[in-house]
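Got a structure for you, questions after.
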Amino acid sequence: MLENLDGGFTLCYHLKKADPDIPVILVTGVTHETGLEFDGASGGERSWVKADVILDKPLRFETVRREIERLLPD
């Protein structure tokens, strides 16, 4: 977890605002750490979370690798 609970979300917002073409993967532990339900795929969250991919912790290396390969051009 970052120092502020919304730090990762804020960072994604500023990265995408600076350059919308930068691929951003947000790895979040919000649900695990706080118990709050967070569904980054839902319409409400997607409207303000500017990451291209949102992955929940804990996660497998293969999942991250698959998303990186999908987002980066050959």
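The values are calculated or read from the model by the stated rules, or taken from the named source; none is laboratory data. Just so it is clear, the model here is predicted, and its values are computed rather than measured. Because the Cβ atoms are built from the backbone with ideal geometry, glycine has one as well, and the counts that use them run over all protein chains shown.
Just to verify a result, which residue in region 57-71, among those that are surrounded by 12 or more Cβ atoms within 10 Å (Cβ to Cβ) and out of contact with any Ser or Thr (no Cβ under 8 Å at 6 or more places or on another chain), is nearest to residue 29 (Cα to Cα)? Break it down into steps so the answer makes sense when it comes.
Step one: list which residues in region 57-71 are surrounded by 12 or more Cβ atoms within 10 Å (Cβ to Cβ), which gives 57, 59, 63-64, 66-68, 71.
Of the ones still in play, those that are also out of contact with any Ser or Thr (no Cβ under 8 Å at 6 or more places or on another chain) are 59, 63-64, 66-68, 71.
Numbers: 59: 10, 63: 15, 64: 15, 66: 19, 67: 18, 68: 19, 71: 22 Å.
Checked region 57-71; the qualifying residue nearest to residue 29 (Cα to Cα) is 59.
Right, here's the next one. Could you please give the count of residues in region 18-65 that are modelled with pLDDT of 85 or more, assigned to a loop (DSSP other than H, G, I, E, B), of a type in the set (D, E, K, R) and more than 15 Å from residue 8 (Cα to Cα)?
Of the residues in that region, 3 qualify.
Look at region 1-17 and say how many of its residues are at pLDDT 85 or above and either touching a helix residue (DSSP H, G or I) at 6+ places or on another chain (Cβ under 8 Å) or surrounded by 14 or more Cβ atoms within 10 Å (Cβ to Cβ) (or both).
Step one: list which residues in region 1-17 are at pLDDT 85 or above, which gives 11-17.
Next cut, either touching a helix residue (DSSP H, G or I) at 6+ places or on another chain (Cβ under 8 Å) or surrounded by 14 or more Cβ atoms within 10 Å (Cβ to Cβ) (or both) only: 11-13, 15-16.
Here the count works out to 5.
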